[in-house]
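The values are calculated or read from the model by the stated rules, or taken from the named source; none is laboratory data. As the structure is a computational prediction, the values presented were derived from the model and not from experiment. Glycine also receives a Cβ, built like all others from the backbone with ideal geometry; neighbour counts cover every protein chain displayed.
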Amino acid sequence: MSGLMAYSGQLINLCAAVILLLAFAMLAQRRVIHLIDLFALQGFTLFLSTLIMALKTGQTHLFYSAGLTLGLKALLLPWILHRLVRKLHVKSEVEALINIPTTMLVGIVLVVIAFNVALPISNLSSSIARGMLGIALAAVMLAFLMMITRRKAITQVVGFLSMENGLFLAATSATYGMPMVVELGIALDVLVGVIILGVFFFQIRDQFDSLDIHHMEKLKEH
Amino acid sequence: MPSLLTIDFLLIAAGAWLGVGLLGLAVPRNSRFISSVLFPLGALVGLFVGGYALNALGQAPQTAVLAIGLPNLPFHLRLDSLAAIFLLLLGIVAAGISIYAAGYFRHDHGIPLGLLCLEYHIFLASMLMVLLADDAYAFMVAWETMALSSFFLVTTDHRHEAIRRAGYLYLLIAHVGAIAILLSFGVMTSGSGDYSFAGMRAQTLSPFWASIAFLLALFGFGAKAGLLPVHVWLPEAHPAAPSPVSALMSGVMLKTAIYGLLRVSFDLLGTPLWWWGVVALAVGLVTALFGVLYATVQSDMKRLLAYSSIENIGLIAVGIGLTLIFHAYKMEGLAALALTAVFYHCIAHAGFKSLLFLCTGSVLHATKERSLGKLGGLIHRMPWVAWLALVGVLAGAGLPPLSGFISEWLLLQGFLFSPGLPHPWLNMLVPVAAAAVVLVAAMAGFAMVKFYGIIFLGQMREPALKDAHDAGPWERLGLAWLTMLTLLLGVLPVTVILQLDAATRQLLGKGLAERVSEQGWWMLAPISPDRASYEPLVFLAVIAVSLLLGGWVVKRLYHGRLRRTPAWDCGYHFQGPRAQDTAEGFSQPIRRIFEPMFRMERHFPSIRDSKPYFEVKIEDHFWHWLYLPVARIAGRISTLITNLQGGRIAVYLMYSFLTLILLILVARP
Amino acid sequence: MSVAGLLGQVFAIVFALALAPLLTGWVNQCRAWLQNRSAPPLLQPYYMLHKLFNKDVVLAHGASPLFRFAPYALFGCMMLACAIIPSLSTDLPLAPAADALALVGVFGLARVFISLAAMDIGTSFGSLGGRREMLVGFLAEPALLIVIFTVALIAQSTSVATIVETLAHREFVIYPSIAFAGIAFTMVSFAENARVPVDNPATHLELTMIHEAMILEYSGRHLALIEWAASLKLYAYSCLGLALFFPWGIAERDNFMALVAAIPILLAKLLIGGFLVALIETINAKMRIFRAPEFLGTAFLLAVLGMLVNLLLESRV
């Protein structure tokens, strides 16, 4: 175990890189079900990195964070999303506003920007995994990009949740995690948010017979 | 009589070219004499120019003063290593092209052959003067002469409306560029009135004015070189001109613009700022991507080569940008690497692009067709042209062991070292730029395969192609000369770099020579053999030996029997030449993937058509975004101004009266 | 040039020539096992080469000398590639002839020759194959170059021998950028070697073939040389991947014992690698031809991402 701990910094770097890779893979994904699975995998990788961080630094609240991540992000939320997809009979194709290769090119540009922005900030931090700030910022921006360029409401939810993954990674890397109260509060917010969004989906579908968010543009004055 | 310096010999060569041209004018219709005597004479002069330039590399700069021009304003001329490189390029490539032209210009092309000879040799002489000029006056006179003579050459076949339009566009943009160059020179004198380059070198400009001068020079020389967005004349003018002229324009004239840019940014402006390099890099990258993308979708063989020239000029600009960045950060060793790549690419491109244009000239002469859709299978009727064009195509695709690969290799090595830059943004953006450069190189391969495959391979798409004849002896000589140049540049990089080093040392203060010569003449290792090495001769030898050995062993152990049958074609042997790919078909994947980049108009056949056809027209976005609006605004302003011309004489007299009153008021004692 | 070096070079070339068809045979065997059908004999590629060499060459009337020259050129290029990739040892006297960038150039040269030969006869299949091959190539080549850039940035060199030596000697460090580069390299090698999911090496349907369409008109010893060159290409890519990402076990300079010991290590690595190739081929379905540029574009962007991660995480400015 101690031998493994000697590599903990690199393992955390590896987990961060995998999270970035998964964020990219989610951008390139064509099917909704695989998208949700990739999100679950991203949650699991986040759990692993928090666990290693907890084992290395010995802070107990990181263990609780890790457990929460596993339960919520890797298990509960994907299960809820899968149920939604089944109940709403969502078609399996992800509908993108701009085609996928262009989206990925824009993604690379965002990654470059994120890395450059994070470089001076990460030099100030004192945690063992400070190179991760750039990766976390990049993951957040890629998730935001996914929210902007997709038409299906369910993919927007997945993008929002993935953004939260990135934020969590940033918090863990820079400051050894957030205070427990904040953590629990955010987790509860996310859970309630997903449930409310799920209810909304049924309402949207009843109103417009489709989950294409562009139909909501009809809700204006004239 | 004082002993003549090299620069004097070069001036004599320019005079010799002028003399050859005038001789041609004297007997304009005697095509025998002109094509068999005068053009080869011009080629000989070109060889001399090349030889003297080679001699001048590494020597101290020489100056001369020519007392032509205005009374107190003679031409100042200077021959240093930078000019010598481009003079070498001019001499060698022009020699090959002139020999080819001796066989190509056999009859009138719409104007008397003597006139063509005059314009051609004035063009050559003016390019020589551009390279030798040492003050702004001489430079601009030579530049304008170059533009005018090439305009007349482009519109040789002036009976066609499209060719006249292409010439007009060319002249227009050449003049816009010339204005920018003149303004840049003006800024660089910073008001002292001394327009000689020596004077400009002595001035130290504030960063603001130096940047203005650089940007003006980039725009002006970019307009002649074909950088975005002032590139639109290139795909029109180069195909419109006769093929030797296209070769000369693409191979040599574009490089004079590069020479001008190098002269301004490294010699006249002193130490550059780092963001100039970024601008040049960005412009070059966009140009290269644009050029290669459009090259892959063309249906006219000369337009394809013109767009490919745009791509190569873009790559050269990328190299210049990288050199500027390294130079600004005082990393001279790496700057020398990038600058060597720039010089190498200039010479290599001059060689293989001229070769390819001349091959298209032969194809045009043999078949009277320019469109790729009417060619095919010419390797059977024109073996000389086909095999020599293969060398040009492989060099154009940037494949080892030919010349195009070496400049790309050097450039990529330069990119690999850029993470040593002290600037964090540049650190990351430059490797991403390297990714774009390799993408350009790969797509250039696509365009070259399309060019060669559709013209020379496959079946003949028109029955008339069976009567195509191969190139004549003069033409073969010219093509072989340029092929030899491409091959030698590919397998002897160390020798070439040692020669080029004089100019690198002159501009940057440091060269690659010491590192490169450590390893012997067969290995190119610009930093050290551990970091990167390339031995083109061994490369070629291994492939050749494996090839020959494999063939010999197989024939020995088994047999070498062969028989001929109709093609297998999966059993569909009724397919004729129409079943193979057209030019549009070959590039359809590119059109589909990069659809937003093109402005396409497509006509699909429908079941109601009595004569169904498919048509696709690809146009340049820049034409509609930039040029047409500018033209419209210019038109509207002109219409407004014509309101001044009311027609009434009283109004005109009043204009004169008002001007007189104004002058009296202003010039009051 | 030492004796060990010379021996290493000769071994590398002889091994490549002898083992490449065996690797192809092994991949076919694994594929058959995974797909629950009985496999052809392991030495089947050798029998096929022997059969093809014995046959006459049947040449179309419209074939030019380029068509006859292309198989030999292809074979020569692949021989050079196998001669400079450090499969058994990094002490190869021919290695300075071409660094990693020139290696990519060699593959490009081979691709151009085979595409031109495909267009030579002038049938629709040939030009279709040539067009598709250049399409796959124009995205695969940059992705491969960026993968090389990433490992070259880590090893500060583009000479393959130096890269292998540097990576083999580093203490065990997990480089995330190498993980990205490795995935991108795998995707590129599947595309370049005409494997599922980009191209099915066993198909002859015109909608689906790329590599097969180009060699449709070849027969006899020409076809044998092309097939041999194709298996040499697979061998070269496998050895390159193993050398870049799993460099342990490759002999170094002047080490004769290590050279001999490297042989079974290489065989073991190729065995596992071949099985993994067959596994990935069996799991995936072949993509539509226009998904192939997206697939390769993803590989290209992954490689760029790996390069950026390297610049951020692994080298401090």
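Here is how the numbers come out for the structure above:
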read-out	value
Verdict on B:Leu334 being under 20 Å from the mean Cα position of the chain (by Cα) and assigned to a helix (DSSP H, G or I)	no
Test result for B:Val545, closer than 30 Å to C:Ala100 by Cα, at the interface with chain C (Cβ under 7 Å from one of its Cβ atoms) and of a type in the set (A, V, I, L, M)	no
Any hit, region C:153-160, residues being more than 14 Å from chain A (Cβ to nearest Cβ), small (Gly, Ala, Ser) and not in a helix (DSSP H, G or I)	yes
Extreme residue, nearest to A:Ile33 (Cα to Cα), among residues of region A:76-104 that are more than 11 Å from chain C (Cβ to nearest Cβ) and touching an Asp or Glu at 6+ places or on another chain (Cβ under 8 Å)	A:Pro78
Residues (polar (S, T, N, Q) and farther than 15 Å from C:Cys82 by Cβ) located in region C:190-240	C:Asn200, C:Thr203, C:Thr208, C:Ser219
Criterion violated by B:Gly193 - all others in (1) in a loop (DSSP other than H, G, I, E, B); (2) among the small types (Gly, Ala, Ser); (3) under 26 Å from the mean Cα position of the chain (by Cα) satisfied	(3)
Candidate set from region A:105-118 (those that are modelled with pLDDT of 85 or more and facing another protein chain (nearest Cβ under 8 Å)); member that is surrounded by the fewest Cβ atoms within 10 Å (Cβ to Cβ)	A:Ile108
Residues that are more than 9 Å from chain C (Cβ to nearest Cβ), among the acidic types (Asp, Glu) and closer than 29 Å to B:Val292 by Cβ, drawn from region B:563-621	B:Glu584, B:Glu595, B:Glu601, B:Glu615, B:Glu619, B:Asp620
Cβ pairs under 9 Å, 6+ apart, first in region A:192-218 and at pLDDT below 75, second of a type in the set (Ser, Thr, Tyr)	A:Ile204/A:Ser210
Check on C:Arg170, of a type in the set (Lys, Arg), without any contact (Cβ under 8 Å) to a residue 12 or more places away in the chain and more than 15 Å from C:Ala303 (Cα to Cα)	yes
Helices (runs of 4 or more DSSP H) (entirely within region B:560-669) containing at least 3 residues that are within 22 Å of B:Gln459 (Cα to Cα) and in contact (Cβ under 8 Å) with a residue 60 or more places away in the chain	B:583-586
Hey, B:Thr495 farther than 30 Å from B:Tyr329 by Cβ, free of Cβ contacts under 8 Å to residues at least 40 places away in the same chain and in a helix (DSSP H, G or I) or not	yes
Helices (runs of 4 or more DSSP H) contained in region C:185-293 and holding at least 1 residues within 14 Å of another protein chain (Cβ to nearest Cβ) and surrounded by 21 or more Cβ atoms within 10 Å (Cβ to Cβ)	C:211-214, C:220-245
In region B:623-653, the residues that are modelled with pLDDT of 85 or more and among the aliphatic types (A, V, I, L, M)	B:Leu626, B:Leu628, B:Val630, B:Ala631, B:Ile633, B:Ala634, B:Ile637, B:Leu640, B:Ile641
Matching residues, region B:77-101, being crowded, with 22+ Cβ neighbours inside 10 Å and modelled with pLDDT under 90	B:Leu77, B:Leu79, B:Asp80, B:Ser81
Failed item in (1) free of Cβ contacts under 8 Å to residues at least 60 places away in the same chain; (2) surrounded by fewer than 24 Cβ atoms within 10 Å (Cβ to Cβ), with B:Ser126 passing the rest	(2)
Filtered residues of region A:123-146 (kept if surrounded by fewer than 23 Cβ atoms within 10 Å (Cβ to Cβ) and either at pLDDT 85 or above or out of contact with any Gly (no Cβ under 6 Å at 6 or more places or on another chain) (or both))	A:Asn123, A:Leu124, A:Ser125, A:Ser126, A:Ser127, A:Arg130, A:Val140, A:Met141, A:Phe144, A:Leu145
